[in-house]
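For reference, the structure is listed below as structure tokens.
The values are calculated or read from the model by the stated rules, or taken from the named source; none is laboratory data. Treat the numbers as computed from the prediction; the structure is a model and nothing was measured. All Cβ positions, glycine included, derive from the backbone under ideal geometry; neighbour counts span all protein chains shown. Ligands, DNA and RNA are excluded from the accessible area calculation, which covers all protein heavy atoms including side chains. Shrake-Rupley method; radii C 1.70, N 1.55, O 1.52, S 1.80 Å.
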Amino acid sequence: MPNIVVLIKQVPDTWSERKLTDSDYTLDRGAADAVLDEINERSVEEALQIKERDGGEVVVLTVGPERAGEAVRKALSMGADRAVHVQDDAIRGSDAIQTAWVIAKALGTIEGVSLVIAGNESTDGRVGAVPAIVAEYLGLPQLTSVRELTFDGESITAVRETDEAVYTLKATLPAIVSVTEKINEPRFPSFKGIMAAKKKPVEVLSLADLGVEADEVGFANAGSKVQSVTAKPPKSAGEKVVDEGDGEGGPKIAQYLISHKII
């Protein structure tokens, strides 16, 4: 029976205005509504489907502030069994390499992991490298950009889609997989699931619990920093084309599209 860990992240809602802090240009997570990243919902769904077919346990793992517990509860309400939440103020401002290091250390605290499932990229950072970096730290095979996954107990077979081609890949377990939005359609938590999530265990770990020193992570030690930002320019008024009944509306629109090299 597989034991699956799903990497999840709380991100600002795409419908909310996203802002950077004035002091260090890191994302101001308190300025917008926060949600479980949609790609992580698909990651959790894939893990649950494997569990329903083959048994086992689904553990969700997140790294983030206390507020990220809301995303954890969402994943638990979908059907995950338990959660691990790495929470430490020193992590704030960490880059992808530092974050992956913390995740790798946290995975080491979970026994019997057969498979790690993650989204291909988060909607707030769009780095798309954390699953691969975690795999490198742990020395595990990695299958990325997966749109279809088959688990047979000893190995996994995945269909990987890129801009260039579609591949079929296979790896022995344990392994790390990152999935795309084509993998499935996530379920909605039921009322029963929401109520059950309140009683499911959530283990909160600090950097000290993981054996990670504060100077290994955080904004001051990150390998990359934003030096400056420029605000998005305000939207300009559009150009309105009115057909006065003379049939000239269509040609005017066509000319506009041609002048802007749209057609």
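Annotations
- Any hit, segment 79-92, residues being within 13 Å of the chain's Cα centre (by Cα) and either surrounded by fewer than 19 Cβ atoms within 10 Å (Cβ to Cβ) or hydroxyl-bearing (Ser, Thr, Tyr) (or both): no
- Per the conditions (1) among the hydrophobic types (A, V, I, L, M, F, W, C); (2) over 22 Å from residue 120 (Cα atoms); (3) open to solvent by 40 Å² or more (accessible area, probe 1.4 Å), the sole criterion not satisfied by residue 32 is (3).
- Single match in 206, 228, 178 (criterion: closer than 30 Å to residue 23 by Cβ, modelled with pLDDT of 95 or more and hydroxyl-bearing (Ser, Thr, Tyr)): 206
- Residue match in segment 4-27 (condition: surrounded by 21 or more Cβ atoms within 10 Å (Cβ to Cβ) and basic (Lys, Arg)): yes
Here's the yes/no breakdown for (1) polar (S, T, N, Q); (2) under 26 Å from residue 10 (Cα atoms); (3) part of a strand (DSSP E or B); (4) open to solvent by 20 Å² or more (accessible area, probe 1.4 Å):
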{"position": "118", "(1), (2), (3), (4)": "no, yes, yes, no"}
{"position": "124", "(1), (2), (3), (4)": "no, yes, no, yes"}
{"position": "128", "(1), (2), (3), (4)": "no, yes, no, yes"}
{"position": "159", "(1), (2), (3), (4)": "no, no, yes, yes"}
{"position": "171", "(1), (2), (3), (4)": "no, no, yes, no"}
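- In segment 174-192, the qualifying residues are those that are over 22 Å from the mean Cα position of the chain (by Cα) and not basic (Lys, Arg), and the one that is most open to solvent (accessible area, probe 1.4 Å) is 191.
- Test: residue in segment 93-111 that is in a loop (DSSP other than H, G, I, E, B), within 18 Å of residue 141 (Cβ to Cβ) and open to solvent by 30 Å² or more (accessible area, probe 1.4 Å): yes
- Among the residues listed as 218, 139, 153, the single one being at positive phi and surrounded by 18 or more Cβ atoms within 10 Å (Cβ to Cβ): 218
- Residue, farthest from residue 71 (Cα to Cα), within segment 8-50, restricted to residues that are at pLDDT below 90 and part of a helix (DSSP H, G or I): 31
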